[in-house]
Each structure stands twice: as structure tokens, then as C-alpha cells.
Amino acid sequence: MKNRPKNGQANMSRASGGEAGFSLLQIVVALAIIGIVTTFGVIGIKRAQTHMALSGSIREFSSYLEKGRVEAVRRRTSVTAITINSASSYTVTLDTNYDGSVTGSEVRAVTLPTGVTFNTTNITFPATISYDYRGRSSSTNITGSTLTMSNTYGMTTNLTMTGGGDVTLDSTVTGPAANTNLAPVTTVSTSANIKSMN
């Protein structure tokens, strides 16, 4: 009588004979794909972080300008709110404790995040942004009314200041509002910009 394998042993020998597993080439290809996908993910995350740093920097700068305007109107005096010292730093000089004067402890030096800078095409350092007692803005060593910040990925964001003291972010302001040296209108034309009636 032949020794016949039991049912369990026969099934095990057939299963082990049919297993192929993964070849070395398949493992290398899978690891390469995982590496490529991970690299793109890391680049995307880094890009998003630098974009958030850029957006946060321009918003913080804008908020200091708004505070400077409010302080000038509240104290009824001229206020030099911000001095831009370099492409990556500025100084804020505001009465943060509301006692009517600015002391050394209230002067704040701000350094922009790594990779975020002011575009220096229209700025000569040091540049200042001030407000008069009516909240109207003026600047020294800044050409035009727009400041631009950029990051290492080439993304940019704009801040526009009007002569009236308004600040807008990432908007194009044209017409009289874009002029930082607004003067009152003293003459009115009787023919310009008037529609003819039929």
C-alpha cells in the first residue's frame, strides 16, 4: 500500500509551489514610484508653506499700516508708522500702550520669513510710511503707491497705499486714488467727460 499524503499536506505543497512572490525589479520600481510621489508631495507642501508665509507677511505689514493710520487720527498728530530698513526687515513705531507717546520698548523690529522679500525696484532704503492727523498717508524713498513682496518661488503679492490713507492688498488701483500726493480739485471742466444729449 502506497503512502498517500494527507489532504492538508497535499494542499500545502501545491500552494507553496504556486507562490511567485515579488522580483527584485518589481520592488525597485515600486520604491522608485513611491520616491517620486513623495518628492512631488514634499515640493507641493514646501511651496504652499512659502505662499502662506508671503500672504501672512503682507497682511501683517498691512495691519501695521492700518494701526498707524488709526493712531495718527486718535492722537491728532503725524505718525511715522513704518520704516523699511532692507529688503527683508522693517521697523514699526507705534504707541501700543496708548499713553500718547512712543517709547523704545514700543518700537518693534520685524524680519520677514526666510525667502520673503520686498521688491526693491521702487524702494530706496531706509524708506518710511507716515500718516498725518487726518489719516492721509505719505512716504519717503518709495516711488509710486504700490509695494510688492515676493518669495523664492516667484510668487508676488501687492500692497497699494492711496493718498487718502487706504490700503488694499492684491488689487490694482487706478485713477486719482492711485496718486499718493492727492491735491484738492480746484477747477472743473465744463466739457470733459460729459455725455452729449440728443
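The values are calculated or read from the model by the stated rules, or taken from the named source; none is laboratory data. None of these values were measured; they are calculated from a predicted model. Virtual Cβ from ideal backbone geometry, glycine too; neighbours counted across all protein chains shown. Just so you know, the surface numbers come from the protein's heavy atoms only, side chains and all, with ligands and any DNA or RNA stripped out. Shrake-Rupley method; radii C 1.70, N 1.55, O 1.52, S 1.80 Å.
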Item to check | Residue check for GLU71: in contact (Cβ under 8 Å) with a residue 24 or more places away in the chain, open to solvent by 60 Å² or more (accessible area, probe 1.4 Å) and not in a loop (DSSP other than H, G, I, E, B) | outcome: no
Next on the checklist: Yes or no: region 94-116 includes at least one residue that is assigned to a strand (DSSP E or B), buried (at least 16 other Cβ atoms within 10 Å of the Cβ) and in contact with a Ser or Thr (Cβ under 6 Å, 6 or more places away or on another chain).
Outcome noted: no
Checklist entry - Considering only residues of region 130-140 that are in a strand (DSSP E or B) and touching a residue at least 40 places away in the same chain (Cβ under 8 Å), which is surrounded by the fewest Cβ atoms within 10 Å (Cβ to Cβ)? => result SER138
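So, of the residues in region 79-88 that are of a type in the set (A, V, I, L, M) and in a strand (DSSP E or B), which turns out to be farthest from GLY135 (Cα to Cα)?
It comes out as ILE84.
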Checklist outcome for this item: Residue set THR124, THR91; condition open to solvent by less than 80 Å² (accessible area, probe 1.4 Å), polar (S, T, N, Q), out of contact with any helix residue (DSSP H, G or I) (no Cβ under 8 Å at 6 or more places or on another chain) and not in a loop (DSSP other than H, G, I, E, B); output residue THR91
Item to check | Meets criteria (modelled with pLDDT under 95, assigned to a strand (DSSP E or B) and at positive phi) for ASN158 | outcome: no
